[in-house]
Each structure stands twice: as C-alpha cells, then as structure tokens.
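Here the structure is laid out as structure tokens; the discussion comes afterwards.
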Amino acid sequence: MKKVAIGCDHGGFVLKERVVSTLKRLGAEVVDLGCYDQNSVDYPEYGKKVAVEVASGRCDLGVVMCGTGIGISIAANKVRGIRAAVVTNTYMAKLTKNHNNANIIALGGRVITPDEAEAIVEAWYTAEYEGGRHQRRLDMITAIEEENR
Ligand code: RB5
C-alpha cells in the first residue's frame, strides 16, 4: 500500500476532500498535513510539509493544492529529491509519472473542479514510471540539485 501525503492552503482546500477520497478508493494510505479549513494560510508551509515527508521516505508520494497549484509546487520543489508537477489535465498527470516520475502533483483549486481533480489523481497514481531514456534526464535534474546545494 502506498502512503500519500496531502497538503493545501485555503485556495486548494476545496479540492482536498475529493483528493483524499480518491486516493483511499485507489487503496492508498493518506496522511493529511492540513490545512483543515478555508482560513487564510501560507502555502510554502504546506508545500514544505508534504515535500519533507516524501523526500524523507516516510511517504511514497504527495499531492499539494493551492489556488493555482503553482506557489505550493515551487515551495515543494525546493526540497532535494522532490519532483513536483503542476497538472491541469489527465494527459499531463499520466505523462508526469511516465516520464518525470513526479513524486508530487500540484493542483489548483481555482483552476480545476473536484471532478477533474479526481480524474487527474487517478491518472497519475495508477501510471507507471517508464525509466529508460527518462532516467538519464532525471539524473541530470539530480545533478543540478547537487551542483547548487
Ligand atoms: C493564495 O491566495 C494564493 O496565492 C495561493 O493559493 C496560490 O494560488 C499561490 O500560488
């Protein structure tokens, strides 16, 4: 069973319940790191919380949500080992696992609907990393991290 960390700010909160129920339906264990209501909070805090759980290996994957998905993805990507991808459709969701092995996806509560979020999470969660030529490129990304510690 995969363990998936979840985090959002107030702008992403509208998607959280559906993302959690989708992941549970798919058989994942969900670790909900907040926020827990629509009061205004700062997305870097929640992007970091999820990213640290994934980078440490305590969780296998993560889903982060803010208004656009952008700010919280930028925050998550500051943690070494994280490949967080903003995703707005199922094609991007599948391809970012197939090619980028994205260990976090970022969704925008002001960009997509809960129905779209459900389809996106399922497409990403059930897709497989293809390895092969893509691994060389991921190794290049890791090298950028190492060169800029
Ligand atoms: C918060 O209003 C908003 O800036 C945030 O949710 C997100 O969209 C940032 O990228």
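The values are calculated or read from the model by the stated rules, or taken from the named source; none is laboratory data. It should be emphasised that the depicted structure is a prediction, and the values quoted were computed from it without experimental measurement. Here the Cβ is made from the backbone with ideal geometry for all residues, glycine too, and neighbour counts use every protein chain on show. When the accessible area is computed, the model is the full protein with side chains, heavy atoms only, and any ligands, DNA or RNA have been set aside. Shrake-Rupley method; radii C 1.70, N 1.55, O 1.52, S 1.80 Å.
Observations on the model:
- Restricting the range 59-71 to residues that are farther than 20 Å from residue 29 by Cβ and in contact with a Gly (Cβ under 6 Å, 6 or more places away or on another chain), the residue that is surrounded by the most Cβ atoms within 10 Å (Cβ to Cβ): 66
- Within the range 72-113, the only residue that satisfies the criterion of being open to solvent by 70 Å² or more (accessible area, probe 1.4 Å) and of a type in the set (Ser, Thr, Tyr) is 91.
- Boolean, residue 22 is away from the ligand (no atom under 16 Å from the Cβ), farther than 28 Å from residue 144 by Cβ and either in contact with a Leu (Cβ under 7 Å, 6 or more places away or on another chain) or open to solvent by less than 40 Å² (accessible area, probe 1.4 Å) (or both): yes
- Condition broken by residue 70, with the remaining ones in (1) touching a helix residue (DSSP H, G or I) at 6+ places or on another chain (Cβ under 7 Å); (2) closer than 22 Å to residue 18 by Cα; (3) among the hydrophobic types (A, V, I, L, M, F, W, C) satisfied: (1)
- Residue among 27, 69 that is within 16 Å of the ligand (Cβ to nearest atom) and on the phi > 0 side of the Ramachandran plot: 69
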